[in-house]
Amino acid sequence: MSTLSERILGGPAGSYVDRVVDRAFAHDGTGVLAMEAYRQMGNPKPARPETVSIIYDHIAPANTSQTATLQNELRLFAAEMGFALTDIGGGICHQLMSEGRVLPGEVVVGADSHSCTTGALGAFSTGMGATDMAAIWAEGSTWFRVPETISINLTGRLPTWCEAKDIVLTVTGRIGMDGGTYRALEYTGDGATALSMAGRLTLCNMAVECGAQTGFFYADKTTQHYLAHYGHTIQPQKVEEGTYCRELSIDLADTEPVLSVPHRVDTVASVTEYAGTHLDQVFVGTCTNGRYEDLERFAHIVRGKEVACRTIVVPASRAIMQQAAETGVLTDIIAAGCVVGPPGCGPCLGMHLGVLGEGETALSTANRNFKNRMGVGAKYFLGSVATAAASALKGEITSPEGAI
Amino acid sequence: MTLSGKAVCIGADIDTDLVIAGRYLRTKDTSVWAEHVFEDLDPSLAPRLKGAVIVAGNNMGCGSSREQAPVAIREAGAVAVIAPSFARIFFRNAINVGLPVIECDGLVCADGSTVIISMEEGWVEAGGIRYPIRPLSPKMQDILSAGGLVSYWRNR
Ligand code: SF4
C-alpha cells in the first residue's frame, strides 16, 4: 500500500532516491541559465538528448534585442546538443508537455516551478532549477526526496458557474502557501474522476502554490481517452490506500466562485465580497487556464457582447489556438473586443504583451498574484475563466453566477 | 564549515519575485541581480548584505524556480540564509549555487546582532542561545562543500 509518489519513485516517503528522468524540459528563460551551467560543467556529452525539450514560451516572440540574442544562443546550443526545440508560437511548456509528451508513471522534470502540471496524467512531474536541469542533461538522472502525501478527496459535482479553478483556489486557501512544502497532493474521489483533463491540469498546475512537489490524478478512462488522441495506449493506475500526512475532503457542490486577493495566492475570498471592484485589465490564459475548454467557456459568456475593459486572451498552445479558430471560438472572442496574443505565457510574468501600469487593477486566470509580478505598483486578482468573462463584460469584478 | 555574520531579518513567505524581480532576469550579468536583490521588498536591504546572515520566516523562497534568486543573494555577499522552512526548489537551487541554507526553528532574529553557524556540529548561535539545525542529506552536504553542483560535478 503506497502513494503514487512512492510507487513511481520507488522508495518510502522521506527517503532520498536517485532516478532516471524520463522527460526533461526547460524554457527560454531557464534554458539560458541551464546552458550556462552546462558550459561551466565542461559541456559534457548529454546522456539522453532524445528526452530533452526546449520550449520558447516566456518571452516569445522576443521583446528586446538582448532577449533575442540570448534566445539565439540557446537555439544554437539546442541544435548542437540534439535537444528538440519548440520555437516561438508553439505554446507554454507545461501545455505542450501535456499534449502527448508525458505518460502515466513517468518521472518528469521541468526547469520551471509549474512543471507539476502534468501530474494530472499520473506522472511524477516536478520543477527544479537551472543547474539541476544542466546536471540532468549531463547524467540523465537526479535525486529526489520522496514526498509525503496530502490526500484530497473530491465528492459531488460543481455548480455550472464554478470550475476547476475555483476548486484549486479553495484548496490553496485551505492548505496555505507553505502547507504543502515538499509534499505531493493526490486528488481522488468521484468528483476527481468526473473532472475533464483540462480541469485536472488546472488543479495540478497550482500544486506548487502551496509548496508541493507535485499534484496527482491517477490515470483512468479520461486519461486513456485523452492520450489516445495523441496516439498513446496506456494502462490505468490502480488507486491504493496509502499513508497520508493530511486528508482533506471537499464537496464540490459547496464550491462558490472565489478569488485570490492581492498579493497572496492563499488569501482566498468569495467573488461577491469584491464585486464592483473596478478593473483596468482582464487576462485569460496561462498554463493554468489557457486551454481550449477555457477559451470556449469564455467565448460562451462574451459571445455577441462587448468587453468593458482591456481584455487579453492568450491560448496556451498553437493546437488550442487552431482549434479555437476552427470552431469559431476565436472569432467570438475577437468580435467581443478582446486582444488575442500569440500562444505562450503572455503577460503572466510581467515582461511583455500587457504589463500593468502603476496603480492599475487586473483580474487574471493565472496562478500567482505576487506583488509587482504583472507590473510594478499594480495589483491583480486571480479567478476562474467564467469570473474573468463576467468581469470583463462589466469592467469590474462580477460573479459569473447567472452568466453561464 | 563555520560561518558568521550580522543578522538581517526578513519576513515569512518571501517569494522569488521579491528576491529578484522578473524585470531583471534578461541578462547573464550576476552583478545586476546582486544590485537589485530584495528591491521590491525593501530597497535598503541590498547594500547591507555583504557578510550578512539572512534570517527569514517560514517558506523562504516560494514561487518560481528562478535560480537567479539564490545567486543574487550570494552575489550580494550574504554568507547564509536561515529559516524555519524553505520552499523546495529554492532550497535545492541554493545548495546547487553554493549558498548555505539552514533550516532552524525558533531562532529570534535581532537585526544587526552576530549569528554563528556550525554546519559540522549542527547548530546556530544567536543572542547567546544555541539552536539545533536540521541536517542536509549527505549528497547535499557534498554539493555544498564543493561550492555548488557545477564544481561538484567537475570534481567527481
Ligand atoms: S504561463 Fe505564467 S505561470 Fe505558466 S509557465 Fe508561463 S510564466 Fe509561468
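Restricting to the range B:2-154, compute how many DSSP beta bridges are antiparallel as a %, nearest 5. Roughly 50 percent of the beta bridges in the range B:2-154 run antiparallel, per DSSP.
Between A:T193, A:T255, A:T67, the Gaussian network model of chain A with springs among Cα atoms under 10 angstrom shows the greatest mean-square fluctuation at A:T67. Length available on full extension from A:E73 to A:D87: 0.36 nm per residue minus the Cα-Cα distance, which gives 3.7 nm.
Using only side-chain charges placed at the Cβ, +1 for Lys and Arg and -1 for Asp and Glu, the dipole size of chain B relative to its Cα centre rounds to 520 debye. Quick one: Kirkwood hydrodynamic radius for the protein assembly as shown, alpha-carbon pairs, angstrom, one decimal? About 23.5 Å for the protein assembly as shown.
A simple spin-label model places the labels of A:S15 and A:T272 5.1 nm from each other, with each point 7 Å out along Cα-to-Cβ. The calculated FRET efficiency for the pair A:R303 and B:C9, based on their C-beta separation and a Förster distance of 41 Å, comes to about 0.15.
Per-residue mean of foreign Cβ neighbours for B:76-88 is 2 (Cβ atoms of other chains, 10 Å radius).
Averaged over the residues of peptide B:19-28, the number of Cβ atoms from other protein chains lying within 10 Å of each residue's Cβ is 6. Orientation-averaged projection of the range A:258-394 equals 6.9 nm² [convex hull of Cα atoms, one quarter of hull surface area]. Only helices enter the 222 nm calculation for chain A: every DSSP H run of n ≥ 4 contributes -39,500 (n - 2.57), and dividing by all residues gives -9000 deg cm²/dmol, rounded to 500. Exceedance of the 24 Å cut-off in Cα-Cα distance is limited, within the set A:K165/A:K379; A:K371/B:K6; A:K379/B:K50, to A:K371/B:K6; A:K379/B:K50. Take the Cα of B:S145, step 7 Å along the line toward its Cβ, and report every residue of the range B:108-124 whose backbone nitrogen sits under 20 Å from that point. Answer for this model: B:117-124. Can you work out the PRE-style zone for A:R174? Point 7 Å along Cα to Cβ, and I want the residues of the range A:130-153 with backbone N under 20 Å. Answer for the range A:130-153: A:148-153.
DSSP beta bridges fully contained in the protein assembly as shown are about 30 percent antiparallel. A cysteine counts as unpartnered when no other cysteine's C-beta lies under 4.7 Å of its own; in chain B this applies to B:C62, B:C104.
Net charge in the neighbourhood of B:R74 (other residues with Cβ under 12 Å of its Cβ; Lys, Arg +1, Asp, Glu -1) is -1.
When each of the peptides A:389-397, B:127-135, A:46-54 is scored by the mean number of other C-beta atoms lying within 10 Å of its residues, the order from highest to lowest reads A:389-397, A:46-54, B:127-135. A viscosity of 1.002 mPa s and a temperature of 20 °C, combined with the Kirkwood radius over Cα pairs in Stokes-Einstein, give a translational diffusion coefficient for the range A:1-255 of 115 µm²/s. Between A:E256 and A:A228, what's the calculated FRET efficiency when r is the beta-carbon distance and R0 is 30 Å? Round to 0.05. Working from the Cβ atoms, E equals 0.30. Annotation for A:T327 and A:Q235: the two label points, set 7 Å from Cα along the Cα-Cβ direction, are 3.3 nm apart. Summing Lys, Arg as +1 and Asp, Glu as -1, what charge do residues with Cβ under 10 Å from the Cβ of A:S98 carry, A:S98 excluded? With Lys, Arg at +1 and Asp, Glu at -1, the neighbours total +2. If you take all other residues with their beta carbon under 12 Å from the beta carbon of A:G140, and give Lys and Arg +1 and Asp and Glu -1, the sum is 0. Note on A:107-118: average number of Cβ atoms from other chains within 10 Å of each residue's Cβ is 2.
Please work out the C-alpha center-to-center distance from the range B:123-156 to the range A:282-338 and express it in whole Å. If you average the Cα positions of each part, the centres end up 49 Å apart. A dipole drawn for the protein assembly as shown from +1 and -1 charges on Cβ atoms has a positive end, and of B:P47, A:T214, A:T327 the residue lying farthest that way is B:P47.
Taken about its Cα centre, the range A:1-255 carries a charge dipole of roughly 260 debye when the Cβ of each Lys and Arg holds +1 and the Cβ of each Asp and Glu holds -1. Beta-bridge orientation, the range A:258-394: approximately 25 percent antiparallel, per DSSP, counting only bridges with both partners inside.
Where a number appears in this text, it was derived from the coordinates with a stated rule and is not lab data. The structure presented is a predicted model; accordingly, all values stated were derived computationally and were not measured. Neighbour counts are summed over all protein chains in view; Cβ atoms, including those assigned to glycine, are modelled from backbone coordinates with ideal geometry.
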